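**Student:** Submitted below is the structure of interest, expressed as structure tokens.
Every number in this text was worked out from the coordinates using simple rules, so none of it is lab data. What you see is a predicted model; the values in this text were computed from it and never measured. FYI the Cβ positions are ideal-geometry reconstructions off the backbone, even for glycines, and counts take in every protein chain you see.
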Amino acid sequence: MPSTRGTTTAERGCLTLFFVWLAWLPLPFGSNVPSARLPLIAVPLLLCAIAAAIRLYATRDRSTSIEPTRAWLIWGNGALIFLLAGALQLIPLPNELHQALSPDSYAIRTSAARIASLAGVSGASTFPLTVDPRATSLELFRLAAIVATFITAALLIRSRARRVSLAMVLCASAAFQALYGVREAALQRYEIWGWTNKLIFNRVTGTFVNPNHFAHYLAIVLPLALFVMAAAWRLAGPRELPLGRRLLSLLEQHILTAGFALFAAVSCVTGILLAQSRGTLLSLGAGVLAVAAMLPGRRIARVAFSAAAGLVLFSALVLFLGPERTVGRFIPNEFERQTLVGRRIGIESAIALWQRFSVFGTGLGTFERMVSMEQKQDLGKIYHHAHNDYAEIGATGGTLGFTIAVVTLLGGYVALVRMTFGAAAQELSWGRRAFQAAVLASLTIAMVHALFDFNFFIPSNPPTLAAMCGAAVASLNHDRRARR
């Protein structure tokens, strides 16, 4: 029989490194610097291999074999298929086949080869579908690291204590981000580890370069703070306990947990307001209200209460922090109109690229290199991303990659909804269902925000969400189920 103590110790060590890595992710400018690329990719791949080896050793007697949930299977298998589709873009194809599958890609590669031959440089005779193999290879490694993060969380974070620990780690990270940003704003210097942001002024960014991506990070962590608060409230006493006595019990027994969660939640909302991210506020409201509508019981009352509570909190913070620092961007002006026009240009360019490279796309990670083919306005800028994750995936992955990504995302989302609110959910503990509901809110926020921003391509944000989703869909045979 495998040594239970040995496997538990190894798992805890692996889990500790995993939590440290998750807390580190946003610190080096949202991991959006070259020096962060190696740990961003290598750490989750290594931890995933170690975690898989530990679980295989612990379950080799087959009596406690891992039973992946439906959502885990959909997201995991779909992600692997998407990676395979991306890898196909790197395979050199016969010229006739290449020209038939992607005429524009073939024309670009052959034209480049002719120019190289005129300069006396000999090149390859066959070419892959992607227009830039190096960029596609790097993007595939990044995507593989996100998948590894998801699998590592699903393998390791199986118990209530570990789910709460994950929530606490991410809440602490988000609170630090908010406090760091507030400090820089109070000092009126807006620096990130000594580097002065000369592109964006008077908006809090934490340790991110872009305030919208900073606000998105806080928004996807906020539901976990609400989960920790709800868990502390439930542990304070049974449902029939009077409100006053339950509140007293909460203050006596769980004051540290509840206080920390409340502090983290207020810090997240404060940071989002000071970042003045309109898209994040819209996505946050849509995500929280959507999950509130899914909760059993009096749905209309829950949605109305959630909306009212959110408005009261936002209004109080706006009055406390000052409207010019929090909602000033909501007032229409010429600069904001230019921002909206810029987003439209990026999205239209991505859709045009998708139409030109319709089946297989230009190659994952090549949007910046190809956008100038279709960008007709604002020619003084090169758009690095499309400000719409779905359009950019369609442009770089083609209809094939887009279909795989969207079907996988929605399929896993529906499976997690059924797992949380369906008939079979009654077999799960309240804590497990509450955590899954919080992750559904975070995932909904990310899905809505992807319509007008590119957070999927910000290195730190997708792995954070992947870890949350992996913990939400972990095997049920390791979870305590409610007795029938």
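**Student:** Please give the net charge around Ile458, taking every other residue with its beta carbon less than 15 angstrom from that of Ile458, where Lys and Arg add +1 and Asp and Glu add -1. Walk me through the numbers on the way to the answer.
**Tutor:** On the way: positive: Arg37, Arg142; negative: Glu139, Glu368, Asp389, Glu392, Asp453.
Around Ile458, the surrounding residues sum to -3.
**Student:** Here is a follow-up. Full extension from Arg134 to Glu96: what is 0.36 nm times the residue separation minus their Cα-Cα distance, to one decimal in nm? Please report the intermediate quantities before stating the final value.
**Tutor:** On the way: separation 38, 0.36 × 38 = 13.68 nm, distance 2.33 nm.
Roughly 11.3 nm would be gained on extension.
**Student:** Dipole size in debye (nearest 20) for the range 343-413 around its Cα centre, Lys and Arg Cβ +1, Asp and Glu Cβ -1? Before the final figure, lay out each step's value.
**Tutor:** Details: 6 positive and 6 negative charges, 24 e Å.
Here the range 343-413 has a charge dipole of around 120 debye.
**Student:** I'd like to compare 394-400, 226-232: which one has the highest average count of other Cβ atoms within 10 Å, and what's the full order after that?
**Tutor:** Values: 394-400: 24.7, 226-232: 21.9.
Packing order, densest peptide first, comes out as 394-400, 226-232.
**Student:** Among Ala219, Leu179, Asn202, flag the residue with its Cα farthest along the positive direction of the charge dipole of the range 153-250, charges on Cβ as +1 for Lys/Arg and -1 for Asp/Glu.
**Tutor:** Sorting the options by dipole projection puts first Ala219.
**Student:** Would you work out which of Ala153, Thr257, Tyr190 lies farthest towards the positive end of the dipole of the range 119-276, given +1 charges on the beta-carbon of Lys and Arg and -1 on that of Asp and Glu, about the Cα centre?
**Tutor:** Thr257
**Student:** Also, I was wondering about something else. Using modelled backbone amide H atoms (1.01 Å from N, in-plane), which distant-in-sequence or interchain residues come within less than 5 Å of Leu93's amide H?
**Tutor:** Phe127
**Student:** State the extension gain, in nm to one decimal, for the chain segment bounded by Arg245 and Ala304, taking 0.36 nm per residue of separation less the distance between their alpha-carbons.
**Tutor:** Values: separation 59, 0.36 × 59 = 21.24 nm, distance 2.63 nm.
Extra length from Arg245 to Ala304 when fully extended: 18.6 nm.
**Student:** Something else: Count the net charge of all other residues whose Cβ sits under 14 Å from the Cβ of Ala467, scoring Lys and Arg as +1 and Asp and Glu as -1. Numbers along the way, then the final one.
**Tutor:** Details: positive: Arg158, Arg162, Arg163; negative: none.
Surrounding charge for Ala467 is +3.
**Student:** Report the gain in length on full extension from Arg344 to Arg189: 0.36 nm times residue separation, minus Cα-Cα distance, nm rounded to one decimal.
**Tutor:** Details: separation 155, 0.36 × 155 = 55.80 nm, distance 3.13 nm.
Gain on extension, Arg344 to Arg189, equals 52.7 nm.
**Student:** Something else now. How high is the FRET efficiency between Asn77 and Ile382 when r is their beta carbon distance and R₀ equals 45 Å, given to the nearest 0.05? Could the numbers behind the result be given before it?
**Tutor:** Details: r = 36 Å, r/R0 = 0.80.
Rounded to the nearest 0.05, the efficiency is 0.80.
**Student:** Which stretch or stretches of the range 129-166 have amide N atoms under 18 Å from the point lying 7 Å from Ala113's Cα along the Cα→Cβ direction?
**Tutor:** Taking a point 7 Å out along Cα→Cβ of Ala113, the residues of the range 129-166 whose backbone N falls under 18 Å are 129-134.
**Student:** Would you be so kind as to identify which of Thr362, Ala350, Phe402 lies farthest towards the positive end of the dipole of the range 344-446, taking Lys and Arg as +1 and Asp and Glu as -1 on Cβ and the Cα centre as origin?
**Tutor:** Phe402
**Student:** Right, next: Please state, rounded to one decimal and in Å, the Kirkwood hydrodynamic radius that the range 346-484 gives when every pair of distinct Cα atoms enters the mean of 1/r. Can you show the working numbers first?
**Tutor:** Values: mean 1/r = 0.0598 Å⁻¹.
Final number for the Kirkwood radius of the range 346-484 is 16.7 Å.
**Student:** Of Thr205, Thr270, how do they rank once you tally other Cβ atoms within 10 Å and put the fewest first?
**Tutor:** Thr270, Thr205
**Student:** Additional query: Percentage of Cα-Cα pair distances in the range 81-220 greater than 26 Å, rounded to whole percent?
**Tutor:** Across the range 81-220, Cα pairs with separations above 26 Å total 56 percent.
**Student:** Hey, another quick one. Compute from the Cα atoms of the range 250-294 the Rg and the Dmax, the latter being the longest Cα-Cα distance, and quote both in angstrom.
**Tutor:** 13.7, 39
**Student:** Tell me, Leu170, Leu262 in order of fewest to most beta-carbon neighbours within 10 Å? Before the final figure, lay out each step's value.
**Tutor:** Details: Leu170 26, Leu262 15.
Fewest-to-most ranking of Leu170, Leu262: Leu262, Leu170.
**Student:** Can you tell me which of 178-189, 242-253 comes out highest on packing, and rank the rest after it, using the mean Cβ neighbours within 10 Å?
**Tutor:** Numbers: 178-189: 16.2, 242-253: 12.6.
Packing proxy ranking, top to bottom: 178-189, 242-253.
**Student:** Give me Asp453, Asp132, Asp389, Asp104 ranked fewest to most by other Cβ atoms within 10 Å of their Cβ, as a rough exposure proxy. Intermediate results must be reported in sequence, preceding the final value.
**Tutor:** Details: Asp453 26, Asp132 20, Asp389 23, Asp104 16.
The most exposed by this proxy come first: Asp104, Asp132, Asp389, Asp453.
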